[in-house]
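Engineer: Below you will find the structure I want to go over with you.
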Amino acid sequence: MLTYTSTQVSPTLATRLRSMPKVEIHVHLEGAIDAQTVYSMAQRNQVTLPVASFEEWKSFYQFRDFPHFIEVYRAASQCMQTPEDFAEMAEQFLKNQSQQNIRYSEAYFSPALHHGKLSNDELLDALAVGAATGEDKYGSRVRFIADISREFSELQSQVLDFALKGQEKGIVIGFGIGGPETGYPPENYTETFAKARSQGLRVVAHAGETEGPPSIWGALNSLQAERIGHGVRCLEDAVLVETLRQKQTPLEVSPQSNYCLSIVSPDQPHPIRQMLDAGLYCTLNSDDPPMFSTDLNNEYLTLAGQEFSWEELWQLNLNTLEATFLGEGEKNLYRAEWQAFLQNL
Ligand SMILES: [Zn+2]
C-alpha cells in the first residue's frame with residue numbers, strides 16, 4: 001500500500017517501537033481476524049464464500065475500496081457462527097496482540113452482525129472463554145466495547161442488552177456506535193446511549209471519519225461520548241477543535257485505515273500532526289488490521305516515517321494508556337510497567 005513517507009525509520013527506533021509495551025483502544029474483533037482463520041471457519045460451518053479457493057480468498061481479503069471493504073467485513077462476519085468460533089477469535093486476537101507487546105486492548109464487537117446466531121449468553125460466554133484462555137497463554141488482556149452497527153439501528157436496544165449482560169460478566173466495559181456514518185447521525189441513538197450511561201457503561205462513538213464536524217458535535221452533545229473513534233475531520237471546524245482541546249477528549253486515530261478509506265490522501269502526511277499541534281488528545285490504533293494490511297506496530301512505524309520522534313511516539317503510547325477505561329488501580333500496574341521499560345532503555 002502506498003502511504004506518505006518523508007523519512008527513513010532507523011532500525012533502532014523500529015526495534016524500540018516493536019518492543020515497547022502498548023495498549024490499543026480502537027480495534028474491531030471481527031476486523032482483526034486473519035484471512036486463514038476466517039477461511040477455516042467458513043469451511044467447517046459450510047458457509048459459501050464469494051471465491052473458489054484460499055488463494056482467491058486471501059486476495060479478496062486485501063483492501064481495494066470502501067464498498068469492497070464492507071463486502072469483506074460482511075462475508076467474514078457470516079463465517080463466524082458457533083461458540084467455538086467466537087472463543088477462537090478472542091484467543092487468537094490476544095495472540096496477535098501479545099506478539100506486538102500490546103498488553104491490554106479495548107476491542108469493539110458488533111452484536112448486530114451476529115444477530116440470530118447465538119443467544120447473548122452463549123456469545124458472551126464464548127468470548128469470555130477465549131479471552132481468559134488467551135490471557136493465560138499470552139499475558140495480554142481484552143475487554144469489549146459493544147458497538148451498535150448504525151445501519152441496524154432497529155437492533156440498538158438489543159445491543160444494549162448484550163452490553164449490560166457483558167458488563168455483569170465482567171468482559172464488556174463500554175458501548176459505542178460504528179458502521180456507516182453517512183445517513184445515520186448520532187442523534188438516532190441518543191436514548192439508548194442515555195440508558196447505557198445510566199447503567200455505568202463507558203461510551204464512545206465513531207465520528208468525523210466519512211462525515212464532518214456535525215457528526216462529532218452530535219457524538220459529544222447527544223451521546224456524551226467520552227472518546228471519539230477517528231475524529232480526524234474535526235480540523236474543519238475551529239470551534240470544535242477548541243472544544244475538543246478544552247475537554248481533552250481522546251481521539252482514536254488510525255492512520256492506515258484513513259489512508260485505505262481515502263479519508264486522507266496517500267500523498268499527504270497524516271493530519272494527526274496538525275491535531276497534536278492544535279493541542280488535541282490523540283491516541284494511536286489499527287482499527288481492522290489484516291483488512292488494512294497493518295497492525296499497531298505498523299501504525300507507529302508509519303508516523304515514525306513521517307518524522308515523529310521517539311519522544312512523540314512514546315507520548316502517544318502514554319496517551320493511549322491514559323485514555324483506556326481501566327480503573328486507577330489497574331492503570332497503575334501498567335504505568336509501572338511503562339516506566340520500567342523506559343528506565344531499561
Ligand atoms: Zn473503527
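Engineer: Might you report the magnitude of the Cβ-based charge dipole of region 47-152 about its Cα centre, with Lys and Arg at +1 and Asp and Glu at -1, to the nearest 20 debye?
Structural biologist: On the way: 10 positive and 16 negative charges, 66 e Å.
Here the size comes out at about 320 debye.
Engineer: So how far, in whole Å, is the C-alpha centre of region 100-156 from the one of region 275-297?
Structural biologist: Here the answer is 20 Å between Cα centres.
Engineer: Highest mean first, what order results for 159-170, 16-27 on Cβ atoms within 10 Å?
Structural biologist: On the way: 159-170: 19.8, 16-27: 22.5.
Listed from highest to lowest mean packing, they are 16-27, 159-170.
Engineer: Straight distance only, please: which aspartates and glutamates reach the Cα of LYS117 with their own Cα at less than 12 Å, same-chain residues fewer than 8 apart left out?
Structural biologist: Output for LYS117: ASP85.
Engineer: Among SER98, ALA75, VAL9, whose Cα lies farthest out toward the positive end of the dipole of region 1-100, if unit charges sit on the beta carbon of Lys, Arg (+1) and Asp, Glu (-1)?
Structural biologist: After comparing all options, I get VAL9.
Engineer: Right, something else. So which lysines pass the test for LYS195, namely a Cα distance under 20 Å, with those fewer than 8 places away in the same chain ruled out?
Structural biologist: LYS165, LYS169
Engineer: What lysines does LYS22 reach when the alpha-carbon gap must be under 20 Å and sequence neighbours fewer than 8 apart in one chain are set aside?
Structural biologist: Within the straight-line cut-off, LYS22 pairs with LYS95, LYS137, LYS331.
Engineer: What's the magnitude of the charge dipole for region 201-345 around its Cα centre, counting Lys and Arg as +1 and Asp and Glu as -1 at the beta-carbon? Answer in Debye, nearest 20.
Structural biologist: Details: 8 positive and 20 negative charges, 64 e Å.
My answer is approximately 300 debye.
Engineer: Mind checking the dipole of region 20-343: about its Cα centre, +1 per Lys or Arg Cβ, -1 per Asp or Glu Cβ, Debye to the nearest 20?
Structural biologist: Numbers: 24 positive and 45 negative charges, 95 e Å.
In debye, rounded to 20, region 20-343 gives about 460.
Engineer: Continuing with the same structure: Would you grab the residues whose amide H sits under 5 Å from the one on ILE25? Only those 5+ places off in sequence or on another chain, please, with H modelled 1.01 Å from N.
Structural biologist: GLU106
Engineer: Can you find, among TRP310, VAL241, THR37, the residue sitting farthest towards the positive end of the charge dipole of the chain, where Lys and Arg contribute +1 and Asp and Glu -1 at Cβ?
Structural biologist: Towards the positive end, the residue furthest out is TRP310.
Engineer: So for region 98-256, averaging the separation of alpha carbon pairs under 8 Å that are six or more residues apart and normalising by length, what relative contact order in percent results?
Structural biologist: Working: 257 pairs, mean separation 26.6, N = 159.
Computed over region 98-256, the figure is 17 percent.
Engineer: Looking at GLN46, THR324, GLY176, which one has the Cα that reaches farthest to the positive end of the dipole of the chain (charges on Cβ: Lys, Arg +1; Asp, Glu -1)?
Structural biologist: The residue sitting farthest along the positive end of the dipole is THR324.
Engineer: Determine the distance separating the Cα centre of region 301-344 from the Cα centre of region 1-61; give it in Å without decimals.
Structural biologist: 23
Each reported figure results from applying straightforward, stated rules to the coordinates on display, with no laboratory input. Because the structure is predicted, anything quoted here is derived from the model rather than measured. Cβ sites come from the backbone with ideal geometry, for glycine too, and all protein chains shown count toward neighbours.
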